[in-house]
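Read through the structure below, which is laid out as C-alpha cells, and then see the notes.
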Amino acid sequence: MSHTFLEQLWIARYVITYGIGVTVSISLLAIFAGSVLGVFVGLALVYGGVVLRLVVRAYTDIIRGTPVLVLVLASYYVSAAVGLDLGPFSAGVLALAIFCSSHVGEIVRGALQAIPKGQTEAAKAIGLTFTQTFTSVLWPQAMRQCLPAWVNTAAEMVKASTLLSVIGVAELLLRTQEIISRNFMSLQFYFLAGGLYFIVNYGIEHFGKYVERKTALPS
Amino acid sequence: MAKTILDIKGLRKTYGIHEVLKGVDCAVREGEVISIIGSSGSGKTTLLRCVNMLEEFQGGTISLDGEEIGYRVDGATRRRKSEKEIARQRALTGMAFQQFNLFPHMSAAENVMLGLVKVKKMTKPEARAIAEKWLDRVGLAARTKHYPGQLSGGQQQRVAIARAIAMSPRLMLFDEVTSALDPELVGEVLQVIKGLAADGMTMLLVTHEMRFAYEVSSRVIFMNQGVICEEGDPKEMFVRPKTERLAEFLKTSSFN
C-alpha cells in the first residue's frame, strides 16, 4: 500500500470527481427549483390575498425556523413512510429546494417592497396593466436588488448539501469519509474537501459579482 | 366656446372617516391651463390623482370626453370598472409627478418608449422616433441614451414630461412638478410646461409656484379643506381675492 498523499489522491481521483459532481448537481437542482418556487413564494407574500399570504407566511416561517438537517431527514423518512419512494437523492434535493424557496421568497418579497410606490404609479399613469407593470418595471428592478442576497443563499445551499451525506447520498463529504476510512489520511482529505467546497463557493460568489457588474445601472 | 374635456361633478373622497374631497365640481375645456392652488392638505393633489384613478373616490363622477372614469354608475349602483378598462382610461391622461418617478433601469428614450410599445402597441422603431422627437422638444436630444441616475433633477423631470406627453394624452396632469427641484432647475421645467401650454395642450397643474400660475393659467382654482373655495382669472384673483381665505393664502405664499 502506497503511503504518500499524492498516491492516495491518484487512487481516489474518480471517487472525488464523482463526489464533486453529485455535490454540484444537488446544489444546482436545489438552487434552481428553490429559486423558481421562491419567486412564487415572494409574489404570494407581496401580492397574495389575505388567506394566501397567511398560508405562505406560515410556510416560510416554519421552514426557516427548522434546521436543514431536520428537513433533510423528514423529507427522506416521511416520504418513505407515506409510500412515496423518492430515494435519498431526490428526497435530499427536495428538502434543500424547499429550504431554498423560503429564503428566496423572503429575498424577493424584500426586493419588491423596497421599490418606491412612485414606480407603480408612473407605470399606471401611462396605462400599463398590472402584468405589464410587473414584467417591465418592477421585476427588472427587484432582480437587481435580489442578486447579492440570492448569491449568498446559493452558497448556503452548497454548504447545506453536505447534510445529505446523513441519508447516504454519495456527495463530496460522504465520498471523502469513505476515502479516509480506507487510508486514514483524515487531515489531508478533509482539507482537500474543504478546499474543493471553497472553490465552488468562490466561483459562485465571483459569478454573482460578475452579473452584478453587468447589470449595474450607470450613474 | 371650446368643448369640455374634463367634467368633475360632486367628487367626494374619504380616507376612513376623514373626508378629503367634499363635493368638488369642475369643468375643463379644451386648451385650458388650470392651476390648482391651496395649502397642503386642502385636497388639491388628491383631486388630480382621482382624475387618473391613482386614488379611488367614493362619490360623484369624473368624465373625460364624455366617458366616465373609473366607475360605472347605474342608478343607485356604482361599480369599479375592470383593471384593463381603467388602464386604458389612464392612458387618456398623462401625468408628471413631484418625484419624477422615472424607471431607473431604462434610458431616457426607453422610459418614453415603454408606454408607446406596451400600451399603444407601436413597433420599437416607431416608438423610438416619437421618443426622440419629444426628448428633443424638451431640450434633451443629446441625453436620449442616458439613464435617470446620470441626469439632473430638472433633466429627469423633463424626461418624465416627455414620457407622459408622448402618449398624446387628452389632458396633462402636473402634480407639483417643481417642488422636488433645486431652485436653479425650476426654470427649465416651467419653460417646457409653458411651451406645451402655448401649443394648446389642456393641462391641470397643482403648483406652489404662484408667479408661474399667475403667468400661464387661463384659470386658477383655489382649494381649501376639500372644496373649491374660489376660482377665476388669475389676473383678477391674485390681485383682488374675493374670499378672506385666499387673501390669507396669497399673503403667506411666495407671490409678490
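For B:Ser82, indicate whether it is within 14 Å of chain A (Cβ to nearest Cβ) and surrounded by fewer than 20 Cβ atoms within 10 Å (Cβ to Cβ).
Judged against the criteria, B:Ser82 is a match.
Among the listed residues A:Ile98, A:Ile107, which satisfies the condition of being more than 30 Å from A:Ile16 (Cβ to Cβ), touching a residue at least 12 places away in the same chain (Cβ under 8 Å) and in a helix (DSSP H, G or I)?
Within the list A:Ile98, A:Ile107, the selection yields A:Ile107.
Taking segment B:145-194 only, how many residues are over 19 Å from B:Lys120 (Cα atoms), of a type in the set (Lys, Arg) and in a helix (DSSP H, G or I)?
Of the residues in that region, 2 qualify.
Say we look at segment B:85-111 and pick out the residues that are in contact with a helix residue (DSSP H, G or I) (Cβ under 9 Å, 6 or more places away or on another chain) and part of a helix (DSSP H, G or I); which of these is farthest from the other protein chains (Cβ to nearest Cβ)?
The selected residue is B:Ala109.
Six or more apart or on different chains, Cβ atoms under 9 Å: show the pairs whose first residue is in segment A:192-219 and more than 14 Å from chain B (Cβ to nearest Cβ) and whose second is of a type in the set (Lys, Arg) and assigned to a helix (DSSP H, G or I).
These pairs meet every condition: A:Ala193/A:Arg175; A:Tyr197/A:Lys159; A:Asn201/A:Lys159.
Considering (1) within 14 Å of another protein chain (Cβ to nearest Cβ); (2) assigned to a loop (DSSP other than H, G, I, E, B), say which one B:Ala131 fails and leave the rest.
All conditions are met except number (2).
With the requirement that a residue be surrounded by fewer than 15 Cβ atoms within 10 Å (Cβ to Cβ), among the aliphatic types (A, V, I, L, M) and not in a strand (DSSP E or B), what does segment B:61-78 give you?
Result: B:Ala76, single match.
Could you run through segment A:66-122 and say how many residues are of a type in the set (Val, Ile, Thr) and within 30 Å of B:Pro104 (Cα to Cα)?
Qualifying residue count for the region: 5.
Please find, within segment A:124-138, the residue that is farthest from the chain's Cα centre (by Cα) out of those that are assigned to a helix (DSSP H, G or I) and within 8 Å of chain B (Cβ to nearest Cβ).
Looking at the filtered set, the residue picked out is A:Ala125.
Tell me, please, whether a residue that is of a type in the set (Val, Ile, Thr) and either within 9 Å of chain A (Cβ to nearest Cβ) or surrounded by fewer than 23 Cβ atoms within 10 Å (Cβ to Cβ) (or both) can be found in segment B:47-60.
Among the residues of segment B:47-60, not one is of a type in the set (Val, Ile, Thr) and either within 9 Å of chain A (Cβ to nearest Cβ) or surrounded by fewer than 23 Cβ atoms within 10 Å (Cβ to Cβ) (or both), which makes the answer no.
Residue under question is A:Ala91, and the condition is that it be within 14 Å of chain B (Cβ to nearest Cβ), over 30 Å from B:Glu85 (Cβ atoms), crowded, with 18+ Cβ neighbours inside 10 Å and at pLDDT 95 or above; does it hold?
No.
In segment B:138-158, what residues are touching a residue at least 40 places away in the same chain (Cβ under 8 Å) and within 11 Å of another protein chain (Cβ to nearest Cβ)?
B:Tyr147, B:Pro148, B:Gly149, B:Leu151
Being touching a Leu at 6+ places or on another chain (Cβ under 8 Å), among the β-branched types (Val, Ile, Thr) and within 30 Å of B:Arg143 (Cβ to Cβ) narrows it down to one of A:Val166, A:Val211, so name that one.
Exactly one residue qualifies, and that residue is A:Val211.
With the requirement that a residue be over 16 Å from A:Leu73 (Cα atoms) and either without any contact (Cβ under 8 Å) to a residue 40 or more places away in the chain or crowded, with 19+ Cβ neighbours inside 10 Å (or both), what does segment A:158-170 give you?
Answer for segment A:158-170, where residues must be over 16 Å from A:Leu73 (Cα atoms) and either without any contact (Cβ under 8 Å) to a residue 40 or more places away in the chain or crowded, with 19+ Cβ neighbours inside 10 Å (or both): just A:Val158.
Residues being closer than 15 Å to B:Val24 by Cβ and under 19 Å from the mean Cα position of the chain (by Cα): count how many of those fall in segment B:225-251.
Of the residues in segment B:225-251, 4 are closer than 15 Å to B:Val24 by Cβ and under 19 Å from the mean Cα position of the chain (by Cα).
The values are calculated or read from the model by the stated rules, or taken from the named source; none is laboratory data. Source: prediction; values computed, not measured. Please note: Cβ atoms are built from the backbone with ideal geometry, for glycine as well, and neighbour counts cover all protein chains shown.
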